[in-house]
Amino acid sequence: MMAKRKLMKNRVPTPEKPVYERIKGFEEVNLGYDFELALMEAERCLQCPENYAPCIKGCPVNINIPGFLAKLKEHRDNPYLAVKEALRVIWACNSLPAITGRVCPQEDQCEGVCVMGKVGDPINIGKLERFVADYARQHEIDDELLMEIVPKIEKKEQKVAVVGAGPAGLTCAAELAKMGYNVTVFEALHYPGGVLLYGIPEFRLPKEIVKNELKKLELLGVEIKTDHIVGRTITIPELIEEYDAVFISTGAGTPKLPEVPGINLNGIYSANEFLTRVNLMKAYKFPEYDTPIKLGKKTIVIGAGNTAMDAARTALRLGSEVIIAYRRGEEDMTARIEEIEHAKEEGVKFMFFVNPIEFIGDENGNVKAVKFMKMKVLNERDSNGKRKIIPTGETITVEADTVIIAIGQIPNKIIWKTTPGLEVGKNGTIVVDENLMTSIPGVFAGGDAIRGEATVILAMGDGRKAAKAIHEYLTKREKNA
Amino acid sequence: MYKILERKEIAMRNVWFKVYAPHVVKKLQPGQFVIVRAFENGERIPLTPVMWDKEEGWMGLVVFTRGKTTMQINTELKEGDYFLNIAGPLGNPAPMKKYGKILAIGLYTGIVEVFPIAKAWQEIGNEVHTLQVTFEPMIILKDELEKAVSKHTAVGVPIDPEKSFPENMKNVTAKAREVVRDMIKEINPDLVFMVGPVGDQKAIFEVVREFNVPMLVDLHPIMVDGTGMCGACRVTVGGKVRFACVDGPTFNAYEVDFDELIKRSSYYRDLEMRAMQEYMQKLQGGAQ
C-alpha cells in the first residue's frame, strides 16, 4: 500500500527578478527552479498513468510529463542522472525544451487540464520542463545525451532541404538528421533562429539558449545556409531538383497594418520592425551596434497577443511609458497569462475596447496622437468564439510619440509567388494534406506558413510531424524505385 | 563570408568592391539589390550591384560614403577581407520592355543602379540616353556608360568650399533640373527613369511632369531586413501602402507620395549623424 502523503495544493514558486531591477535591463525575468525546488514541485504530481494523463493529451507534442517528473523523483539522490533521464523522456517528443518551457502557453495546454488544477494549482509543468533543459545545458548533459545518439545514426543517401530556420524548421531538421538524412537549412536572415531570435526578447528567451540549440544541430551534422532567401536566391522548383524532399517553414513574417489614415507617419512601427531592430540588430546598444531605434516618451502598442506584450515590455525597458490598446476586453487578450502579469507588474497600462481609426502627425510627419473609436461588446460570439464588438460612435484621442502595431502577421508572399503549382489558401497560408504535404509531391510545409499565426510549440509539432511524413514518403519512394 | 577580390577608390567618396558571392549573382537581374552586413555589430544596408559575372560568381558594388556604415566599409575593408553577409537578390527586376527612347538619370551614386538597367534596355532595342549629375570629383562609370548606351552625359558641378555640403547639394539639384529640362526637349523621350536621393527624385519629377512624359523611379527608403518582414520601407503609391523591398523598388513616379517618403527617410538623421561623428572621432583618436 502506498504511504499516505499530504497533498500540496500550492505551487512551489519560481524566483523572479524584482520589478525595479528588471525594467532597467534585458536580463531574463523568471529565474527558474533549482534542483531542490524542482523536486518539491515534481512531488506534487499525482503521477496519472500514461494512458490517462490529461497533461500528455493537452500537450501539442504529447510529452510524457508524468514520465519525466517520475525520473526526477526516482533519481533524487543523483541530480545529474535524474536530469539526464528526464531529458531523455522529453527529447522523445520535443527537442527544444529550454525554449518551449519558456514560451508555451501552458495554461491553455498541459497545465490547463492538470488534475491537480481541480483541487489547487496545476503542476508547474512549464517551469519543470525548463529546469530540466537548463540544468542539462549548464552541466552539458544535453551534449552527452546527444553524443550517445549521434554514433547510432545510420546515414542515409537522401537529401532534404528545410526552408526557414525558425522553430518548425529547426525541429524538422533535427528529427531528420537523427534519422540519418542529409539536411540543409536555408535561412534568409544572417543568423538562424527565426522568430526565436528576431521576435522574442532576451528577457523572455535568452539568445544563449537559442544558440545552444543551434549547436546541437551542428553536432547532428545539419548544414545551415544563411543569407539565402528562398524564392529569390534559390527557388522551391530548384530545390526539388537538387533535394529528395523539401520542408517549407517560412513562418508568418509579413506584418498586418490597419488601413487607417496616417499609418506611414514616422514613429509608427510594425512590431516586427521594432522587435527586429532591438532583438536581432541590438539597437538597444546603439551606437555600439549600428542599427538605431527611435522611441518617444509615450508609446502605444496596438494589439494584445504575445507579440504586443513583448513589444510593450521592450519599449518600457528602453525608457518609454507604455499603453497597450486593445479593441476587445481584458479577458479576450490572447497573450500568455504570465506575460500579461509581467507587463502589468512592470507598469504597462491597458486600454480596452478601443480601435485605432486615425494616426495624427505633426508638421514633420512624426506621429503625435492616436484617435480611437470606442467599442462595445455584444452578447453574440464571432466565428472564433470571441465576443462580438461594434463601434459606439464615440472617439477618444490619446497622445503618443511612438506607436507599435502588433495586430498579427501573415505569411510572406515571396515563396508562393515564385513556386508555380503551390496551392495557397486565405491570407497566403500554404495548403497541406493530413501528412503536411503541399500540392507539390515531395514538398511539405508546417508552422505559421500553414497556420497563419500560431505558437512556437505548434510549429515544432509540425516540424516533428513533417519529419516523420518525409521519412515515410522517402521510404515508400525508395521501395517503389 | 564573402571575399573582396578587388578594392579601388574610383572617385571621391566612391569605392568599388569586387565581391565573390556566387549564390546571389546566379539569380541577379538589373533592378535588383542586395542587403549587406559588413561588421559584427553592423546594420543591414541595401546596395545595388553595378555589374556582375554569373560564370565567375562575382559582383561589383560601389559604396558611397554617406553615413557611418558606408564610411566604415570604405575605410576598413581591404582587398582580401570579407563582407560578413550578402543576401539577395531582392526586389523585383526592372521592367524589360521596349519603350523607344529612354532618358535614364542617376544623381550622385544613383548612376550605379541606373547602369545595369540602362545597359539591358539598350540591349533589347531601346535608344537609351543616360545622365549623371554629381559633384565634379564624384563622376563615375563614364567610360562604361559611353560604351553601353546610345549617349551618356556626365555633368560635374564644382564644389564651393565656402559653402556647406547641403548648400552645395542644392546646386546639384538645380543643375540637374536644368539639364533634364534641356534633354527632354532635345530627345523627346518615351520614358524617364531616375535614381537618386528622394528629394531630388521629387525635384526632377516636377520637371518631367511638365512634359507629361511617363516616369519610373527606384525608391530606396530605410530598410531593416529587406525581405518584406518589417515594413520599415513602406511608401504610399497610388494611395496604397506598399513595401519598397518586395513590391518595388521600381514605381510609377506619378503615383509616389514623395513628401511622405522624404519625411520617412529623414527620421533617423540625427542618430545617423551621431553615429558618424562618433566613428570619425574614433578614427582621429586612432591616428594619434
**Prompt:** Which of the aspartates and glutamates could a cross-linker span from A:Lys413 if the Cα-Cα distance has to be under 12 Å and same-chain partners fewer than 8 positions apart are dropped?
**Reply:** B:Asp247
**Message:** If you fit an axis through the alpha-carbon atoms of helix B:165-187 and take the longest principal axis of the Cα set of chain B, what angle between them do you get, 0 to 90°, nearest 10?
**Reply:** 30
**Request:** Hand me the tally of lysine pairs in region A:19-149: alpha carbons under 30 angstrom apart, and the pair either on different chains or 8 or more positions apart.
**Result:** 14
**Asked** Rounded to the nearest 20 Debye, what is the dipole magnitude of region A:97-136 about its Cα centre when Lys and Arg each give +1 and Asp and Glu each give -1 at the C-beta?
**Response** 60
**Item:** Electrostatic dipole magnitude of chain B [Cβ: Lys, Arg +1; Asp, Glu -1; Cα centre; debye, to 20]
**Value:** 340
**Request:** Report the label-to-label distance for A:Leu31 and A:Thr392 in nanometres (one decimal), using points 7 Å from each Cα along the Cα→Cβ vector.
**Result:** 4.4
**Complete:** Straight-line reach check, A:Lys388, cutoff 19 Å on alpha carbons, 8 or more apart in-chain or any other chain, hits among aspartates and glutamates -> A:Glu330, A:Glu331, A:Asp332, A:Glu380
**Asked** Across peptide A:228-234, how many C-beta atoms of other chains are within 10 Å of each residue C-beta, on average?
**Response** 6
**Item:** Sequence of A:Thr402, A:Thr307 from largest to smallest accessible area, 1.4 Å probe
**Value:** A:Thr307, A:Thr402
**Asked** Between B:Lys170 and B:Glu255, what FRET efficiency follows from the Cβ-Cβ distance if R0 is 25 Å, with the result rounded to 0.05?
**Response** 0.40
**Prompt:** Dipole of chain B (Lys/Arg Cβ +1, Asp/Glu Cβ -1, origin at the Cα centre): which of B:Ile45, B:Asn74, B:Asn126 lies farthest to the positive side?
**Reply:** B:Ile45
**Asked** Excluding ligands and nucleic acids, what accessible area in Å² is computed for A:Ser270 using a 1.4 Å probe, to the nearest 10?
**Response** 0
**Prompt:** Can you run phi through the Karplus equation (6.51, -1.76, 1.60; θ = phi - 60°) for region B:267-280 and list ³J(HN,Hα) in whole Hz, with x for Gly and Pro?
**Reply:** 4, 9, 4, 4, 5, 4, 5, 4, 4, 5, 4, 5, 5, 5
**Message:** I want to verify a result. In a Gaussian network model of chain B, Cα cutoff 10 Å, which of these has the top mean-square fluctuation: B:Leu261, B:Leu216, B:Leu84?
**Reply:** B:Leu84
**Message:** Need one number: buried accessible surface between chains A and B, 1.4 Å probe, both sides summed, DNA, RNA and ligands left out, in Å² to 100.
**Reply:** 4000
**Complete:** Of the accessible area of region A:255-409, computed with a 1.4 Å probe and all protein chains kept, carbon and sulfur make up a percent value of 45
**Fill in**
Farthest towards the positive end of the dipole of region A:79-225, among A:Ile200, A:Leu214, A:Ala165 and with Cβ unit charges of +1 on Lys and Arg and -1 on Asp and Glu, lies the Cα of A:Ala165
**Request:** Hand me the GluC sites (Glu not before Pro) from region B:143-185 located in a DSSP loop with no more than 11 other Cβ atoms within 10 Å, in residue order please.
**Result:** B:Glu162
**Request:** Putting +1 on Lys and Arg Cβ atoms and -1 on Asp and Glu Cβ atoms, find which of B:Ile139, B:Ile159, B:Thr173 reaches farthest to the positive end of the dipole of region B:129-191.
**Result:** B:Thr173
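Please go through region A:70-171 and write out the trypsin sites (Lys or Arg not before Pro) that DSSP classes as loop and that have at most 16 other C-beta atoms within 10 Å. Spell out each step's value before the answer.
Numbers: sites: A:Lys71, A:Lys73, A:Arg76, A:Lys84, A:Arg88, A:Arg102, A:Lys118, A:Lys127, A:Arg130, A:Arg137, A:Lys152, A:Lys155, A:Lys156, A:Lys159; in loops: A:Arg76, A:Lys155, A:Lys156.
Those that pass, being in a loop and sparsely packed, are A:Arg76, A:Lys155.
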**Asked** Where a Cα-Cα gap under 15 Å defines reach, which aspartates and glutamates qualify for A:Lys285, not counting those fewer than 8 residues away within the same chain?
**Response** A:Glu27, A:Glu202, B:Glu40, B:Glu43, B:Glu272, B:Glu278
**Prompt:** If you roll a 1.4 Å probe over the heavy atoms of the protein chains, what accessible area per residue do you get for chain A, in Å²?
**Reply:** 42
**Asked** Which residues in region A:229-252 have a backbone N closer than 17 Å to a point placed 7 Å from the Cα of A:Glu478 along the Cα-to-Cβ line?
**Response** A:243-246
**Prompt:** To the nearest whole number, what is the average tally of beta carbon atoms from other chains within 10 Å of the beta carbons of peptide A:267-275?
**Reply:** 4
**Request:** Run the quick spin-label model on A:Asn78 and A:Lys24: label points 7 Å from Cα toward the beta carbon, then report their separation in nm to one decimal.
**Result:** 4.4
**Message:** Could you report region B:161-288's accessible area per residue, 1.4 Å probe, as an integer in Å²?
**Reply:** 46
**Asked** In the structure displayed, which of B:Lys142/B:Lys185; A:Lys298/A:Lys426; A:Lys215/A:Lys344; A:Lys17/A:Lys386; A:Lys156/B:Lys54; A:Lys297/B:Lys263 lie more than 25 Å apart, Cα to Cα?
**Response** A:Lys298/A:Lys426; A:Lys215/A:Lys344; A:Lys17/A:Lys386; A:Lys156/B:Lys54
**Those residues of region B:215-236 for which accessible area with every protein chain present is at least 50 Å² below the isolated value (1.4 Å probe)** = B:Val224, B:Thr227, B:Met229, B:Cys230, B:Arg234
**Request:** Report the accessible area of B:Thr48, computed with a 1.4 Å probe over the heavy atoms of all protein chains in place, in Å² rounded to the nearest 10.
**Result:** 20
**Request:** Sort A:Arg381, A:Arg204 from largest to smallest accessible area, using a 1.4 Å probe on the heavy atoms of the protein chains.
**Result:** A:Arg381, A:Arg204
**Item:** Other protein chain Cβ atoms within 10 Å, averaged over every residue that makes up B:28-38
**Value:** 2
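Of B:Arg44, B:Arg66, which has the most accessible area with a 1.4 Å probe, and how do the rest follow in descending order?
Ranking B:Arg44, B:Arg66 by accessible area, largest first, yields B:Arg66, B:Arg44.
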**Fill in**
In Å, the C-alpha Rg and Dmax of the protein assembly as shown are 28.2, 104
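Stokes-Einstein diffusion coefficient for region A:19-149 at 37 °C in a medium of 0.692 mPa s, Rh from the Kirkwood formula over Cα pairs: what value in µm²/s?
Once the numbers are plugged in, D ends up at 219 µm²/s.
Probe radius 1.4 Å, ligands and nucleic acids ignored: give me the carbon and sulfur share of the accessible area of region B:2-90 as a rounded percent.
49
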**Request:** Would you mind telling me the share, in percent, of accessible area of region A:19-149 contributed by carbon and sulfur at probe 1.4 angstrom?
**Result:** 55
**Prompt:** If ligands, DNA and RNA are left out, what is the accessible area of B:Asp270 with a 1.4 Å probe, given in Å² to the nearest 10?
**Reply:** 90
**Request:** Any of A:Lys282/B:Lys78; A:Lys225/A:Lys476; A:Lys225/B:Lys3 with alpha carbons more than 20 Å apart? Name them for me.
**Result:** A:Lys282/B:Lys78; A:Lys225/A:Lys476
**Fill in**
1/(1 + (r/R0)^6) with r = Cβ-Cβ of B:Tyr82 and A:Ile337, R0 = 56 Å, i.e. FRET efficiency to nearest 0.05, evaluates to 0.75
**Request:** Identify which of B:Gln122, B:Gln132, B:Gln201 has the largest mean-square fluctuation in a Gaussian network model of chain B, with springs joining Cα atoms closer than 10 Å.
**Result:** B:Gln122
**Message:** Roughly how far apart, in whole Å, are the Cα centres of region A:408-440 and region A:310-380?
**Reply:** 32
**Message:** Using the Cα centre of the protein assembly as shown as the reference point, and only Cβ charges (+1 on K/R, -1 on D/E), how large is the resulting charge dipole? Debye, rounded to the nearest 20.
**Reply:** 1060
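Could you tell me the calculated FRET efficiency between B:Glu9 and B:Lys163, based on Cβ-Cβ distance and R0 = 30 angstrom, to the nearest 0.05?
Efficiency for this residue pair is about 0.75.
Count the DSSP beta bridges whose two residues both fall in the protein assembly as shown, then state the antiparallel fraction as a percent rounded to the nearest 5. Don't skip to the answer; put the middle values down first.
Working: 54 of 109 bridges.
The antiparallel fraction comes to roughly 50 percent.
The values are calculated or read from the model by the stated rules, or taken from the named source; none is laboratory data. Keep in mind the model is a prediction, meaning the values are calculated, not measured. Here Cβ is always computed from backbone atoms with ideal geometry, including for glycine, and neighbour counts include all displayed protein chains. Heads up: the accessible areas ignore ligands, DNA and RNA and are worked out on the full protein's heavy atoms, side chains in. Shrake-Rupley method; radii C 1.70, N 1.55, O 1.52, S 1.80 Å.
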